[in-house]
Amino acid sequence: MIQQPALVNLVISSGEPAGVGPEVSLAAALAFLQEQPAATITLLGDASLFPISDMSEELLTRLKVETIPLSAPVIPGRLNSANAQYVLDILDVAVKGCLDGRFDAMVTAPIQKSVINDGAASNDALFTGHTEYLAKLCNQAHVVMMLCATLPAGFLGLQKKRDLRVALATTHLPLRDVPSALNREHVLETIRIVEADLRTKFAITKPVIRVAGLNPHAGESGYLGREEIDVIAPAIETAKNLGIQVSGPYPGDTMFDAGCLETVDAFIAMYHDQGLAPFKFVSFGGGVNVTLGLPIIRTSVDHGTALDIAGKGIADSGSMFEALSLAYQLAVNSQNVNT
């Protein structure tokens, strides 16, 4: 007898209401539910942003809208800081629902950081991004941002399709602040978090990880910087002693060697653009953002609010669909680990 998969309850925070978040959230949710019968989706946001019509009765039982009212009317493409707290309220509800077990995973639509910094009453510090805000809500001192995309067979000589995963040791920092943010403990903890979540959430038994250096040519034996010698290499050696299959530090310009794509499960870059520039160049806009190190599952689109096309009905919901697909799979993997 074939065992049916357990029902997975997903929640979407629909993001900046003046951007494409609400429309891609609804379109992707409908498409995903038609493909995956063992899932429910709750859309968080003002009900006026989700014009649901011509849906089957069966889909209506698995797609719910949980209304969080806007603070001010929305004009597509026009930002309004009056709705900044609304955006944060949506995130708060999604996180609490995941922590309480009401939802198995959350998926986030894009937000506009400038609006939140201009208008959110509850935000007493600079809002730097989803990753940092979710870490605060979950009381986690160290989380890791990782982008995922599936590369097709034949691309760069791949024999079969392969998942590309790029994690970051630091996230939304000015470049001048990156070196001081790196120390042995921080790099080691990043490696440990990536390895642990690859095992427990991605179901990879023995993950293979590559780590980049910080400086050109990975410091050129100290002539171009000592971070590799004093910080990154010692952290890698400690991780190896813990049984983690990790190597490096590699020069940033050669770490993403096409020949290693068949065997490497995740790459760890030291700063945002070192990892995400090559990732986005090859991911064709189909990337998914995952926050590692949280007690909950969170995935997200890898694009912004796209204000210039908001409300025109032309936004591509492909990245949101991929984010839902990955969130579903990670939730299933986590259920299997815990049973």
- Note on the structure: Rounded to whole angstrom, the alpha-carbon centroid of segment 164-237 lies from that of segment 298-332 at a distance of 28 Å
- Query: How much area per residue is accessible in segment 148-295 when the probe is 1.4 Å and only protein heavy atoms are counted (Å²)?
  - Reply: 46 Å²
- Lys/Arg Cβ at +1, Asp/Glu Cβ at -1, dipole of segment 147-208 taken about the Cα centre: which of T150, L175, T200 is farthest positive-ward? T150
- Message: Using a Förster radius of 45 Å, what is the FRET efficiency between K240 and K64 based on their Cβ-Cβ separation? Nearest 0.05, please.
- Response: 0.45
- Taking a crude spin-label model, label points 7 Å out from Cα along the C-beta direction, the D100 to H217 distance in nm is 5.8 nm
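All other residues with a Cβ under 9 Å from the Cβ of I297 taken together, and with Lys, Arg as +1 and Asp, Glu as -1, what is their net charge? Provide the component values of the computation, followed by the final result.
On the way: positive: K201, R298; negative: D104.
Around I297, the surrounding residues sum to +1.
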- Note on the structure: Extend 7 Å from the Cα of R184 along its Cα-to-C-beta direction; within segment 203-237, residues with backbone N under 17 Å of that point are 226-237
- Item | Loop-located trypsin sites (Lys or Arg not before Pro) in segment 145-226, at most 10 other Cβ atoms within 10 Å (DSSP) | K160
- Taking the simple approach of a point 7 Å from Cα along Cα-to-Cβ for both L224 and I309, what is their distance in nm? 3.7 nm
- Extending each Cα 7 Å along its Cβ direction at A47 and T254, get the distance between those two points in nm, one decimal. 6.1 nm
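The values are calculated or read from the model by the stated rules, or taken from the named source; none is laboratory data. All figures in this text were calculated on a predicted structure; none of them were measured in a lab. Methodologically, a virtual Cβ is constructed for each residue, glycine included, from the backbone with ideal geometry; neighbour enumeration extends over all protein chains shown. Side chains are part of the model used for accessible areas, which takes the heavy atoms of the whole protein and leaves out ligands, DNA and RNA. Shrake-Rupley method; radii C 1.70, N 1.55, O 1.52, S 1.80 Å.
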